[in-house]
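Student: After the structure tokens below, expect a handful of questions from me.
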């Protein structure tokens, strides 16, 4: 069963049930109301009849006057004398429920109530019965019994019931028509949304739902359109990511193939029997250099892989930047001196929050790059605290970087000068590793550079105050 049919039947059943329940309750309410009104009316009429009977004179005209009063009232009347014995009724037939003698306890009750009528409305009895005491009667009557069939009171309900039934049938017909229309109105956008959702699920992410509505369906359509838009963007990202991945693996293959060729060539030359000692040392050094390069390449790849997949890549703690500065100076002082480059390193104590091993790797990569591309002048590693943060900076007077390369400088395997970078033993991953480590810290790497004037790389870390 379709949702349209379910909605239509739900509306129809609920509304029919509601109409039927209201109609039944209305009939029951009217019936009880009319009975209550009948009780109140028979009590009032009993008082009127009691006064009338009390004023009737005893004699030959008593019976005719009594009958006339009974006919005028429309009730069934019965009169009892002072001993509670029945002596006159009207009409003469149909009063089968009459007792020939009024019970003594009832007489006492009526006398105690004086002229206030006593109405008996028993559910199992088909009549309303009212009694009254006649203390000042000018004839033999001392008690009057007034009765009426309840069906006489309920008689108008038959007409009212049919009026309600006709209204109910008309209402049910209208309900069916309106329910079908509402079901169509409500399910039309659902059907459209369903069809478009199927097309989107089938891969047609360019599909849009055009619903000019301000209700929940409009919101749902807008959400699906946003989802389709996001899917389009994600699809584009996936395509770009796939292309980058292909390029990434191609670059890895290329980066490994070159040093392997160099090592293979060096090994072949080392097999020559008459190879001079100096040449042998040269080829061994070349092989060792390329082996180290491959080792650095895989080390950088492992770092990037952990950044991409390991949520515990960073283990933050408090550490002193001076320890890293000392290590860097010990590691690169001789290399800088060989190139006649002055290496300036801050060594004052400054505590920060971060992963000391990863931050040392960042600083190491930045200083190593600075030494590779600085042929004269100086390289300065400095750090300075300001406003709760510490700025760590590596500044050189090297060859600098063209502005056109700055946007892609931290991409994996991106080089501004591929041939020269490989000659210097670079892997093309150093700055990508720097960016990944700092991103894991919630920080970014910044660069300012001009050709032939040098470069400045800097980042910040939270300062630890004791």
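Student: Any idea which of (1) crowded, with 20+ Cβ neighbours inside 10 Å; (2) over 57 Å from the mean Cα position of the chain (by Cα); (3) not in a loop (DSSP other than H, G, I, E, B) is the one residue 369 doesn't satisfy?
Tutor: That leaves (2) as the condition not met.
Student: Within the stretch 372-398, can you find the residues that are crowded, with 19+ Cβ neighbours inside 10 Å and outside any strand (DSSP E or B)?
Tutor: If the condition is that a residue be crowded, with 19+ Cβ neighbours inside 10 Å and outside any strand (DSSP E or B), then 372, 373, 374, 397, 398 are the ones that fit.
Student: Check whether at least one residue in the stretch 93-108 is surrounded by fewer than 16 Cβ atoms within 10 Å (Cβ to Cβ), touching a strand residue (DSSP E or B) at 6+ places or on another chain (Cβ under 7 Å) and in a helix (DSSP H, G or I), and report yes or no.
Tutor: no
Student: A further question on this structure: On the basis of being over 19 Å from residue 455 (Cα atoms), surrounded by fewer than 20 Cβ atoms within 10 Å (Cβ to Cβ), free of Cβ contacts under 8 Å to residues at least 12 places away in the same chain and in the same structural domain as residue 456 (by TED's automatic domain parsing), does residue 355 make the cut?
Tutor: For residue 355, the condition - over 19 Å from residue 455 (Cα atoms), surrounded by fewer than 20 Cβ atoms within 10 Å (Cβ to Cβ), free of Cβ contacts under 8 Å to residues at least 12 places away in the same chain and in the same structural domain as residue 456 (by TED's automatic domain parsing) - is not met.
Student: Within the stretch 157-176, take every residue that is farther than 17 Å from residue 15 by Cβ and surrounded by 11 or more Cβ atoms within 10 Å (Cβ to Cβ) and give me the one that is farthest from the chain's Cα centre (by Cα).
Tutor: Looking at the filtered set, the residue picked out is 157.
Student: Looking at the stretch 23-41 only, could you name the residues that are surrounded by 13 or more Cβ atoms within 10 Å (Cβ to Cβ) and under 20 Å from residue 172 (Cβ atoms)?
Tutor: The initial filter retains those residues of the stretch 23-41 that are surrounded by 13 or more Cβ atoms within 10 Å (Cβ to Cβ), namely 23, 26-27, 30-31, 34-35, 38-39, 41.
Those that are surrounded by 13 or more Cβ atoms within 10 Å (Cβ to Cβ) and under 20 Å from residue 172 (Cβ atoms): 23, 26, 27.
Student: Any idea which residue in the stretch 428-459 is farthest from the chain's Cα centre (by Cα), counting only those that are at pLDDT below 90 and on the phi > 0 side of the Ramachandran plot?
Tutor: Top of the filtered list is 452.
Student: For the stretch 74-112, how many residues meet the condition of being under 24 Å from residue 153 (Cβ atoms) and in contact with a helix residue (DSSP H, G or I) (Cβ under 6 Å, 6 or more places away or on another chain)? Spell out how you get there, then give the answer.
Tutor: The first filter runs over the stretch 74-112 and keeps only residues under 24 Å from residue 153 (Cβ atoms), leaving 74-79, 89-99, 106, 110.
This time we only want the ones that are in contact with a helix residue (DSSP H, G or I) (Cβ under 6 Å, 6 or more places away or on another chain), so: 77, 90.
Adding up the residues that qualify gives 2.
Student: Follow-up. Just to be sure, is residue 92 over 30 Å from residue 13 (Cβ atoms), over 60 Å from the mean Cα position of the chain (by Cα), at pLDDT 90 or above and in the same structural domain as residue 21 (by TED's automatic domain parsing)?
Tutor: no
The values are calculated or read from the model by the stated rules, or taken from the named source; none is laboratory data. Fair warning: this is a prediction, and the values are worked out from it, not measured in the lab. Note that we place each Cβ from the backbone using ideal geometry, even for glycine, and neighbour counts take in every protein chain shown.
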